[in-house]
Amino acid sequence: MSSVLYDTPGPRAKRRNLLFTIGFLAVLALVAWWVLAALNDKNQLAADKWSPFVTDSRVWTTYLLPGLTETLRAAGLAILIALPLGALLGIGRLSDHRWVRVPVGAVVEFFRAIPVLLLMVFANALYREFTTVSSDFRPLYAVVTGLVLYNASVIAEIVRAGVLSLPRGQGDAAEALGMRKGQTMMYVLLPQAVTVMLPALVSQLVVIVKDTALGGALLGFTELLSQNRQITANYGANTIATFTVIALIYIALNAIVTALAGRLEKRLRQGKKSAAAVIPAQGGPADVKSDAVSGA
Amino acid sequence: MFDFLDSGQYDLLGAFWVTAKLALYSAIGSLIWGTALAAMRVSPVPLMRGFGTTYVNLVRNTPLTVVIVACSFGLDQTLGITLGADRSEDIGFRLAILGLIAYTGTFVCEALRSGINTVPAGQAEAARALGLSFFQVLTLVVLPQAFRAAVAPLANVLIALTKNTTVAAAIGAAEAALLMREMIENEADALFAVFAVFAFGFIVLTLPTGLFFGWAAKRLAVKR
């Protein structure tokens, strides 16, 4: 294969690549051996530390699955609230009225600049001081509030960029047809913008799923990550095994989100030529779309 | 309302100084690690490409919180790796940097790779047609353009990293989010003031970075 950086390899380059492959393999093997030796030294590789995840269904039914349910509940609620709210804020930022545009812009910029963890901690304290939400549900409320405030602002920016990326003629044509501003947005601009901004939206959904873990670490939210203490306490300090399994569950979850969105994107794009370029993801590189699925 | 600032009970500047140090060290580390990963992902050696791709896709889909908490429970408490620190605060600080580098490196890698992808193949082909060697093509033609295109995504990564340092609170590094949690516990009546102070602190940390890199990205953009 060739790329910008190099041509299709000839015989000499092929030999050199083989040498690099062998060298890299040696380095990888060394690192792997060192890691395994360190793990073995602390008895973390023993079969009884790993086998509960396969043989003992109680690990799953008592700890992992309830944790996963909480993670999904928080992420699902946050997504359900943040998507429409973000769309609304994004449209608000595009408003022709200054008294809508400016305050909405200020809100979006403010919540985008603040770490989501601060928002969660603050929301947690707010619910404790000013509401009667029972302490069982408070972490969930706090996590969802933090996630919604932060991600709605990010989604607002994605929506705005998506609408702005459309050619001017689209809006002009709708206006010429006599559509009202709301109709132009609803029937002309937003439907086209959605296809453009899907990759960025998807990577934001993955961010939401990942950020639920913050609540587990700092607010006592009983989601997937927080189950590690219980498991390691009950199954003989199998820390490494537990974290491996938990990480794999998150990775699988995010791969599913990305895969579903990839299929949706394909369907939306079918037989349609988008009028604008794809919006890059916020807070990340430009092409974080469906890499996880395609393995590209 | 803001009298908790004068009480001398909380080391606000100290906490933000730790946050800034976390961000700075992790930024340097993840730039190096991310560049190495990017080099692997664009290399002609299939094994290196495979390793880079696998690492990036696995780590990027793992929550940073899991990475950092695993550093503490796994490396420190299970394997006894403390990176040469003795006090628990220092251990948290160093392991948090390690976790941030492992995680942020994947985003730096993707930013650099997207920069390289913006260079049209014709540029390198033209350079090769002129008789430039591989090394010359890379250093004189491709990388200068790639780095310019990577400035904007790298700035986003850097800002995200600054905000992500708060996750270090999960393993007890004495940074801003940890102090905020403590202050909110103790100063419940000044809740909004505490939040305002910390929000302001983070805006001060991230806003200039964003403005500077936005300006730099515009100036450096390759006009095509």
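The values are calculated or read from the model by the stated rules, or taken from the named source; none is laboratory data. Quick caveat: nothing in here was measured; it's all calculated off a predicted structure. Quick reminder, even Gly has a Cβ in these numbers, built from the backbone with ideal geometry, and neighbours come from all protein chains shown.
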Next on the checklist: Within the stretch A:249-256, does at least one residue satisfy the condition of being out of contact with any Lys or Arg (no Cβ under 8 Å at 6 or more places or on another chain), at pLDDT 90 or above and farther than 29 Å from A:Ala87 by Cα?
Outcome noted: yes
Item to check | From the options B:Ala129, B:Ala111, residue that is at the interface with chain A (Cβ under 7 Å from one of its Cβ atoms) and either farther than 19 Å from B:Val222 by Cβ or in contact with a helix residue (DSSP H, G or I) (Cβ under 6 Å, 6 or more places away or on another chain) (or both) | outcome: B:Ala111
Checklist entry - Residues of the stretch A:218-230 being buried (at least 20 other Cβ atoms within 10 Å of the Cβ), part of a helix (DSSP H, G or I) and within 11 Å of chain B (Cβ to nearest Cβ), which ones? => result A:Leu218, A:Asn228
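Quick grid of which residues meet (1) assigned to a helix (DSSP H, G or I); (2) more than 18 Å from A:Leu248 (Cα to Cα):
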site	(1), (2)
A:Ala38	yes, yes
A:Asn43	no, yes
A:Phe53	yes, no
A:Thr69	yes, no
A:Ala78	yes, yes
A:Ile91	yes, yes
A:Trp99	yes, yes
A:Gly105	yes, yes
A:Phe110	yes, yes
Next on the checklist: Quick check on my filter: what residues within the stretch B:194-224 are of a type in the set (Gly, Ala, Ser) and surrounded by fewer than 16 Cβ atoms within 10 Å (Cβ to Cβ)?
Outcome noted: B:Ala196, B:Gly214, B:Ala216, B:Ala221
Checklist entry - Which one is farthest from the chain's Cα centre (by Cα) among residues in the stretch B:78-108 that are in a helix (DSSP H, G or I) and facing another protein chain (nearest Cβ under 7 Å)? => result B:Thr78
